[in-house]
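> One structure coming up, written as structure tokens, with questions to follow.
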Amino acid sequence: MMDLNGKSVIKTTLENIVNTNLFDAVYVVTDSQIIYDHLKQFHHNVLISNNEHISGSDRIAEFAQEMEVDIIINVQGDEPFIDTKSIRKLIDVFSNGDNKKIDLASLMEEIKDESEINDPNTVKVIVDSNNFAIYFSRHSIPYNKSNKEIKYYKHIGVYAFRKNALIEFYNSAPSRLETIENLEQLRYLEKGKNIKMVLTNFGSIGIDTMQDLNKARLHNDKN
């Protein structure tokens with residue numbers, strides 16, 4: 001709800017998603033009466049959860065289980081700068097050669113700001129040779145014991161789910177690593193699900209702290 005150069009962060013994110021014109025329908029799912037009342041002024045499809053949830057995936061699944069859909073895209077409300085090109089790349093993986101192996105897909109971006117490598121608010125991801133996720137962590141991974149030139153990648157809070165993978169997640173208990181790192185995507189990995197990671201470079205600024213918000217405001221001013 002914080003102001004981002006004249007609009008709330010959540011309204012900015014919503015408008016950017018609607019303006020991609022990639023979706024049959026765009027819903028906002030929230031547990032906040034404040035967010036619900038705020039966005040209902042501008043957008044028809046705003047839903048407030050009836051149950052308490054420990055993750056965004058659980059909250060979305062509460063409603064998705066009753067919807068006739070194949071793929072569900074979850075853009076977290078703190079990603080106001082998500083762009084059309086990145087979301088299109090995410091959707092396209094479900095029509096590529098290895099699409100049958102994919103339970104869900106998500107975005108990653110190379111970390112350019114070294115301060116993010118050890119920042120626990122920046123979630124890091126490592127992938128295999130086919131860009132399927134091996135692990136996510138708030139810690140810096142991989143550990144650079146050999147002092148080699150390596151690239152670090154941060155996870156961006158945008159997911160594309162097959163509906164059945166999302167509902168299976170919803171009907172399962174939080175996993176051990178998920179509760180340790182407080183990262184819902186680890187439950188998918190612990191359940192043996194395949195997460196396809198899609199590389200993007202749109203310049204994500206996920207807003208988790210006031211420092212992030214100030215960075216986002218400066219980004220908006222420059223653009």
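> Check whether at least one residue in region 120-129 is closer than 23 Å to S175 by Cβ, surrounded by fewer than 12 Cβ atoms within 10 Å (Cβ to Cβ), at pLDDT 95 or above and over 14 Å from the mean Cα position of the chain (by Cα), and report yes or no.
yes
> Can you confirm whether region 112-130 contains a residue that is over 19 Å from F161 (Cα atoms) and among the small types (G, A, S)?
Scanning region 112-130 turns up at least one residue that is over 19 Å from F161 (Cα atoms) and among the small types (G, A, S).
> With not in a helix (DSSP H, G or I) and not small (G, A, S) as the only criterion, which of N74, N16 stands out? Explain how you work it out, then say what you get.
Numbers: N16 fails: not in a helix (DSSP H, G or I).
Step by step, each of N74, N16 is checked, and only N74 is not in a helix (DSSP H, G or I) and not small (G, A, S).
> Continuing with this model, one more query. I'd like to know if region 40-47 contains one or more residues that are in a helix (DSSP H, G or I) and touching a His at 6+ places or on another chain (Cβ under 6 Å).
No.
> How many residues are among the acidic types (D, E), in contact (Cβ under 8 Å) with a residue 40 or more places away in the chain and not in a loop (DSSP other than H, G, I, E, B) when one looks only at region 187-217?
Matching residues across region 187-217 total 1.
> Can you pull out every residue in region 1-54 that is in contact (Cβ under 8 Å) with a residue 60 or more places away in the chain, under 14 Å from I72 (Cβ atoms) and surrounded by 15 or more Cβ atoms within 10 Å (Cβ to Cβ)?
Of everything in region 1-54, just one residue is in contact (Cβ under 8 Å) with a residue 60 or more places away in the chain, under 14 Å from I72 (Cβ atoms) and surrounded by 15 or more Cβ atoms within 10 Å (Cβ to Cβ), namely I17.
> Quick one: is Y143 part of a strand (DSSP E or B) and farther than 21 Å from K89 by Cα?
Criteria not met by Y143.
> To continue, here is another question. Give T12, T20 a once-over and let me know the one that is farther than 27 Å from R187 by Cα and in contact with a helix residue (DSSP H, G or I) (Cβ under 6 Å, 6 or more places away or on another chain).
Sole residue among the options that is farther than 27 Å from R187 by Cα and in contact with a helix residue (DSSP H, G or I) (Cβ under 6 Å, 6 or more places away or on another chain): T20.
> With respect to D103, is the statement that it is in contact with a strand residue (DSSP E or B) (Cβ under 8 Å, 6 or more places away or on another chain) and of a type outside the set (A, V, I, L, M, F, W, C) true?
It is true that D103 is in contact with a strand residue (DSSP E or B) (Cβ under 8 Å, 6 or more places away or on another chain) and of a type outside the set (A, V, I, L, M, F, W, C).
> Ok, one more. Just checking, does region 179-186 include any residue being modelled with pLDDT under 90, surrounded by 19 or more Cβ atoms within 10 Å (Cβ to Cβ) and part of a helix (DSSP H, G or I)? Write out each step before concluding.
Filtering region 179-186 for residues modelled with pLDDT under 90 gives none.
No; the residues of region 179-186 include none that is modelled with pLDDT under 90, surrounded by 19 or more Cβ atoms within 10 Å (Cβ to Cβ) and part of a helix (DSSP H, G or I).
> Let me ask something else about it. Please enumerate the residues belonging to region 148-178 that are surrounded by 19 or more Cβ atoms within 10 Å (Cβ to Cβ), closer than 16 Å to N74 by Cα and not aliphatic (A, V, I, L, M).
H155, G157, Y159, F161, R162, F169
> Suppose we keep only residues that are part of a helix (DSSP H, G or I), farther than 12 Å from F136 by Cβ and not aromatic (F, W, Y) within region 164-178. Which one would you say is nearest to the chain's Cα centre (by Cα)?
Filtering first and then ranking leaves L166.
> Among the candidates I87, I60, single out the residue that is outside any loop (DSSP other than H, G, I, E, B), farther than 24 Å from A216 by Cα and under 16 Å from the mean Cα position of the chain (by Cα).
I60 is the lone residue from the list that is outside any loop (DSSP other than H, G, I, E, B), farther than 24 Å from A216 by Cα and under 16 Å from the mean Cα position of the chain (by Cα).
> Of all residues in region 192-217, count the ones that are out of contact with any helix residue (DSSP H, G or I) (no Cβ under 7 Å at 6 or more places or on another chain) and over 18 Å from V93 (Cα atoms).
Residues that pass the stated criteria total 13.
The values are calculated or read from the model by the stated rules, or taken from the named source; none is laboratory data. Keep in mind that this is a model prediction, so the values were computed, not measured. Neighbour counts run over all protein chains shown; Cβ positions are idealised from the backbone, glycine included.
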